[in-house]
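Structure, as structure tokens:
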Amino acid sequence: MSELEEHQQGEQDRTDVTGDEADEAVEAIPELVIISGMSGAGRSTAAKCLEDLGWFVVDNLPPALIPTMVDLGARSQGNVARIAVVVDVRGRQFFDNLRESLADLAGRGVKRRVIFLEASDDALVRRFESVRRPHPLQGSGRIVDGIAAERDLLRELRGDADLVIDTSSLNVHELRAKLDAQFAGEEEPELRATVMSFGYKYGLPVDADLVVDCRFLPNPHWVPELRPFTGLNEEVAQYVFGQPGAKEFLDRYTELLHIIAAGYRREGKRYVTIAVGCTGGKHRSVAMSERLAARLAADGVETVTVHRDMGRE
């Protein structure tokens, strides 16, 4: 091969490599998050939080245009690597279009997650009344009528959501903290868990995936010297785990969670909320939540611990 031919071949090789790299950059599919849920539950706050974390956020995008948005991101050569889309229920074709769009994205291998923001009827009514605005679906009826209609429309999406957040008792800063905990990391962990203690007398957490009942253990509330403290106190924790069955329950339930976590990973589920309850959410559930969270963290699961009702008494 002559010197000229070698030079031409080298130029061709460099062109081929550059072309492959360009194609790879063009075809880099962005990560997608769908933000949905009840009107008044905090969709706008969630969108602003992700925007602050560097996501490209599109508000109220028609579901049929989501694949187009992903295509535009893929052609941005990596400049738009993470897209969050806020989906609104005011379009009556919402579900049909959204299901079709998500099915199309799944067939193309797009990594997508659904965040669903939930709140109780009472909390939503208070929020709409405080801003003196009607619910988008109430029509000529009452606010509660619009809420009921929206719950019915969103039922299937809520069941398919990767992350459900109940904002009934959260303020804006607490909601942002929850989302920061889930999305602020540079590397996505295989599974994230929220372990939440609660009191049954205040109601079940609506965003719980799994519920653990600790009321089979003696209640430290009836021990005068322990009553003022919480499950975060070492004396209370020692009392709880000194009871018959407490340690065995923790061991067995941790083993069960290994099986559940493996299944969640296989199904692509990244988030799980484990609610641990006792009567008031002050002693037994708090102590059990702390130990359970420590076990999960030791197994490599990124874990956040929340004590919903501690301090309410």
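The values are calculated or read from the model by the stated rules, or taken from the named source; none is laboratory data. Being a predicted model, the structure only gives us computed values, none of them experimental. Note that each Cβ is placed from the backbone with ideal geometry, even for glycine, and that neighbours are counted across all protein chains shown. All accessible areas refer to the heavy atoms of the entire protein, side chains included, with ligands and DNA or RNA removed. Shrake-Rupley method; radii C 1.70, N 1.55, O 1.52, S 1.80 Å.
Round to the nearest 0.05 the FRET efficiency obtained for residue 294 and residue 145 when R0 = 35 Å and r is the Cβ-Cβ distance. According to the calculation, E is roughly 0.15. All alpha carbon pair distances within the stretch 88-242 were sorted into 5 Å bins beginning at 0; the resulting P(r) in whole percents reads 1, 6, 12, 15, 15, 15, 13, 9, 6, 5, 3, 1, 0. Taking the stretch 248-281 and a reference point 7 angstrom along Cα→Cβ of residue 215, the backbone N atoms nearer than 12 Å belong to 277-281. Look at the alpha carbon pairs under 8 Å that are at least 6 residues apart: their mean separation over the length of the chain gives a relative contact order of 18 percent. Protein heavy-atom surface of the chain, 1.4 angstrom probe: 50% of the accessible area is carbon and sulfur, with nucleic acids and ligands not counted. Per residue, the chain exposes an accessible area of 52 Å² to a 1.4 Å probe, with every protein chain left in place. In this structure residue 108 has an accessible area near 90 Å², from a 1.4 Å probe over the protein heavy atoms.
If the segment from residue 201 to residue 243 were pulled out straight at 0.36 nm per residue, it would be longer than the present Cα-Cα gap by 12.8 nm. For the chain, the longest principal axis of the alpha carbon atoms and the long axis of helix 43-52 meet at an angle near 60°.
Centre-to-centre separation between the Cα atoms of the stretch 288-313 and those of the stretch 74-143: 30 Å.
Considering helices alone, the calculated mean residue ellipticity of the chain at 222 nm is -14500 deg cm²/dmol, with DSSP H runs of length four and up weighted by -39500 (n - 2.57) and normalised per residue. Dipole size of the chain about its Cα centre, with +1 on Lys/Arg Cβ and -1 on Asp/Glu Cβ: approximately 2260 debye, rounded to the nearest 20. Here's the list of lysines a cross-link from residue 111 could span, going by alpha-carbon distance under 22 Å and ignoring same-chain residues fewer than 8 apart: 48, 178, 269.
Using only side-chain charges placed at the Cβ, +1 for Lys and Arg and -1 for Asp and Glu, the dipole size of the stretch 215-313 relative to its Cα centre rounds to 360 debye.
Quick one, which of [x] 51, 46, 35; [y] 68, 46, 35; [z] 95, 59, 28 is the actual Cα extents along the principal axes in Å calculated for this model? The listed entry that was calculated here is [z].
Under 5 Å between amide hydrogens, built in the peptide plane, is the criterion, and for residue 194 it picks out 272, 273, 274, 304 among residues at least 5 positions away or on other chains. The C-alpha atoms of the chain define a longest principal axis, and helix 284-298 lies at about 30 degrees to it. Ordered from highest to lowest accessible area with the whole protein assembly present and a 1.4 Å probe, 265, 308, 270 read as 265, 308, 270.
Rounded to the nearest 10 degrees, the angle from helix 94-107 to the longest Cα principal axis of the chain is 60 degrees. Estimated at 0.36 nm per residue, the fully extended path between residue 312 and residue 59 surpasses their Cα-Cα distance by 87.4 nm.
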